[in-house]
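I have placed the structure first, in the form of structure tokens, so that the comments after it can refer back to it.
The values are calculated or read from the model by the stated rules, or taken from the named source; none is laboratory data. Just so we're clear, the structure is a prediction, and the values are computed from it rather than from any experiment. Cβ coordinates were reconstructed from backbone atoms using ideal geometry, including for glycine residues, and neighbour counts include every protein chain displayed. The protein model used for the area step is the full one, side chains on, heavy atoms only, and it has no ligands, DNA or RNA in it. Shrake-Rupley method; radii C 1.70, N 1.55, O 1.52, S 1.80 Å.
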Amino acid sequence: MAESLYDIRKLKITKWTGLILQIVLVALIFVPAAVMSDSGAPVNSLQMGILYLHHGGLLHIVGGGLYCALLFAIPVAIWLVTLLRKPRMNYGICVALSALEAVSSSCFYTMALHRMNSIFTMNFLRYVVVVLELVSMFVYIHAYFQAWQDSN
């Protein structure tokens, strides 16, 4: 019985670690991730997505629009799914959403770096964001394995 309570406490700590990581990732959207080449003004990830939408054709609209939509939709979806009742299935869904988040961010930063290098210069924050998204995915994998007990 006491060991079961300890497992539930560890699972709650893991769950809240993943949720706090999502808050940090949403906050990092508004931290400058690039500098404009002509004026030297700082640009955050959301502004990069909007610039990517503004300076291109159909591929830019799909890429920038999808990234801007996923910036907020995935962390909110992870929060909602995590706080529902069935933890094992929900943590599996959160693993998939975190993986989608990491893949979409890495693809967007790579496309923006190669196609918009004349507009802005990116800094190291793009690496921090992708690494934190991968850490979030591994936290939810850990929560999935912790939730494997019969009591959960």
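Look through region 107-152, keep the residues that are touching a residue at least 24 places away in the same chain (Cβ under 8 Å), farther than 22 Å from VAL31 by Cα and not in a loop (DSSP other than H, G, I, E, B), and return whichever of them is most open to solvent (accessible area, probe 1.4 Å).
Here the answer is HIS142.
So that you can scan it fast, the table gives a plain yes or no per residue for (1) farther than 15 Å from ARG126 by Cα; (2) open to solvent by 40 Å² or more (accessible area, probe 1.4 Å):
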{"site": "LYS10", "(1), (2)": "yes, yes"}
{"site": "ILE13", "(1), (2)": "yes, yes"}
{"site": "LEU28", "(1), (2)": "no, no"}
{"site": "PRO32", "(1), (2)": "no, yes"}
{"site": "TYR52", "(1), (2)": "yes, no"}
{"site": "LEU80", "(1), (2)": "yes, yes"}
{"site": "ALA96", "(1), (2)": "yes, yes"}
{"site": "SER104", "(1), (2)": "no, no"}
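Output the number of the condition that SER45 fails; it satisfies all remaining conditions of (1) within 21 Å of VAL103 (Cα to Cα); (2) modelled with pLDDT under 85.
The failed condition is (2).
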